[in-house]
Amino acid sequence: MAITSAIATSFKQEILVEGHNLTQGADSIKLALYTSSATLGAGTTAYATTNEVSGTNYTAGGAALTNVTPTTSGTTAIVDFADLTFGTATVTARGCLLYNDTNSDKAICAIDFGGDKTSTAGDFTVVFPAADASNAIIRLA
């Protein structure tokens, strides 16, 4: 089992035929944390609880992302999010899934943290990269 960082293939098709409105306040975009036993990647189509982390101050389904700001950088469409903190959490996560809670929990992308990340009664923070054509977490060129 593994987590592979990738935009969900189903998301690529869905943005052409139905609604994923990533503008803040339109659709609720959430981030759920997963263990190293999870299988996530381009083939992931929706949020599921299988191998989702559990622990103090983490709720199944994760948490909503804020400052969801679609824009462009040159000829690339990008989306930026505010960093997400699970406060005073005790969890171990290998990666996460961004998904559209408003649109049937459809997957947007999987992110591999490159190894297990642990928080013990402290802040577990997912830090998003710079919002530009080379680094944004979601880039469509």
* Asked: Out of all the residues in the range 81-116, which are assigned to a strand (DSSP E or B), open to solvent by 40 Å² or more (accessible area, probe 1.4 Å) and within 17 Å of Pro129 (Cα to Cα)?
  -> Thr85, Asp112, Phe113, Gly114
* Structure fact -> Log entry, pairs with first residue in the range 45-60 being more than 22 Å from Thr4 (Cα to Cα), second being open to solvent by 40 Å² or more (accessible area, probe 1.4 Å) and part of a strand (DSSP E or B), beta carbons closer than 6 Å, six or more apart or on different chains, reads Gly55/Thr90; Thr56/Thr90; Asn57/Thr88
* Go through the residues of the range 16-27 one by one and say whether even a single one is open to solvent by 40 Å² or more (accessible area, probe 1.4 Å) and over 22 Å from Arg139 (Cα atoms). => no
* Asked: Tell me, which residue of the range 119-131 that is of a type in the set (Ser, Thr, Tyr) and surrounded by 13 or more Cβ atoms within 10 Å (Cβ to Cβ) is nearest to the chain's Cα centre (by Cα)?
  -> Thr125
* If we scan the range 48-67, do we find a residue that is in a strand (DSSP E or B), in contact with a Cys (Cβ under 6 Å, 6 or more places away or on another chain) and surrounded by 15 or more Cβ atoms within 10 Å (Cβ to Cβ)? -> no
* Tell me, yes or no, whether the range 83-100 has at least one residue that is within 22 Å of Arg139 (Cβ to Cβ) and at pLDDT below 95. => yes
* Structure fact -> Every listed condition ((1) open to solvent by 50 Å² or more (accessible area, probe 1.4 Å); (2) part of a loop (DSSP other than H, G, I, E, B); (3) under 23 Å from Lys12 (Cβ atoms)) holds for Thr72 save (2)
* For Thr35, indicate whether it is open to solvent by 50 Å² or more (accessible area, probe 1.4 Å) and closer than 20 Å to Val126 by Cβ. => no
* Exactly one condition in (1) more than 20 Å from Ala8 (Cα to Cα); (2) open to solvent by less than 60 Å² (accessible area, probe 1.4 Å) is not met by Ala77; state its number. => (1)
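The values are calculated or read from the model by the stated rules, or taken from the named source; none is laboratory data. Just so it is clear, the structure is predicted and the values come from calculations on it, not from any experiment. Neighbour counts are summed over all protein chains in view; Cβ atoms, including those assigned to glycine, are modelled from backbone coordinates with ideal geometry. Side chains included, ligands, DNA and RNA excluded: accessible areas come from the protein's heavy atoms. Shrake-Rupley method; radii C 1.70, N 1.55, O 1.52, S 1.80 Å.
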